[in-house]
Each structure stands twice: as C-alpha cells, then as structure tokens.
Amino acid sequence: MKSLSIKKLNVRAEEAVAVPALLDAENVEFNSIACVNWAEYPYQPEVKFRIAHTGDAILLHYQV
C-alpha cells in the first residue's frame, strides 16, 4: 500500500482559483495517478494531483 505525506500550509485560500499558485509558492509536488481499473477500457490519460491542508481546509489541484 502506498502512503502519502500531506503538507500543512499556513496560508488561506479565499478562492479555488488561487489554489495552484499557493501550492506553487509552497513547492508542493505533484503525484501521479497511474491506475486503470477497467480492462475493457485501456485508455490511460496522464493524470496527476497535489494536495495540502491548512488545518481547516484541504487544497487539491488535479491536472488531466
């Protein structure tokens, strides 16, 4: 099983559109999602995400 450490940021995201810039400024790394669950649908797009938290909010940024 994989584990993931989630960084705590001492910032506040007022709007969702600000999340990527906040994560950039804090050097939060992307993690890849490389799992295809359906054998009959073999297409696998490149998907990655990064995650952090502020203590009262979870910040997620997906790229597909």
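Return yes or no: is Lys8 among the basic types (Lys, Arg), open to solvent by 90 Å² or more (accessible area, probe 1.4 Å) and within 14 Å of the chain's Cα centre (by Cα)? Here the answer is yes, as Lys8 does meet what is asked. Assess whether Val19 counts as being out of contact with any Phe, Trp or Tyr (no Cβ under 7 Å at 6 or more places or on another chain), open to solvent by less than 80 Å² (accessible area, probe 1.4 Å) and in a loop (DSSP other than H, G, I, E, B). No; evaluated as a whole, the condition is false for this residue.
Considering only the range 22-43, state which residues are of a type outside the set (Phe, Trp, Tyr) and either over 14 Å from the mean Cα position of the chain (by Cα) or part of a loop (DSSP other than H, G, I, E, B) (or both). Spell out the reasoning first.
Within the range 22-43, the subset of a type outside the set (Phe, Trp, Tyr) is 22-29, 31-37, 39-40, 42.
The answer is Ala25, Glu26, Asn27, Val28, Glu29, Ala34, Cys35, Val36, Asn37, Ala39, Glu40, Pro42.
Scanning the range 22-64 for residues that are modelled with pLDDT under 90 and surrounded by 10 or more Cβ atoms within 10 Å (Cβ to Cβ) gives Ile33, Val36, Gln44. Scanning the range 8-46 for residues that are over 18 Å from Tyr62 (Cα atoms) and among the polar types (S, T, N, Q) returns Asn10, Asn37. Can you report the number of residues in the range 44-64 which are part of a loop (DSSP other than H, G, I, E, B) and more than 14 Å from Val11 (Cβ to Cβ)? The number of residues fulfilling the criteria is 4.
The values are calculated or read from the model by the stated rules, or taken from the named source; none is laboratory data. Predicted model, so just to flag it, every value in this text is computed and none were measured. Cβ: placed from backbone, ideal geometry, glycine included. Neighbour counts: every protein chain shown. Remember, those area values only see protein heavy atoms, side chains included, never the ligands or the DNA or RNA. Shrake-Rupley method; radii C 1.70, N 1.55, O 1.52, S 1.80 Å.
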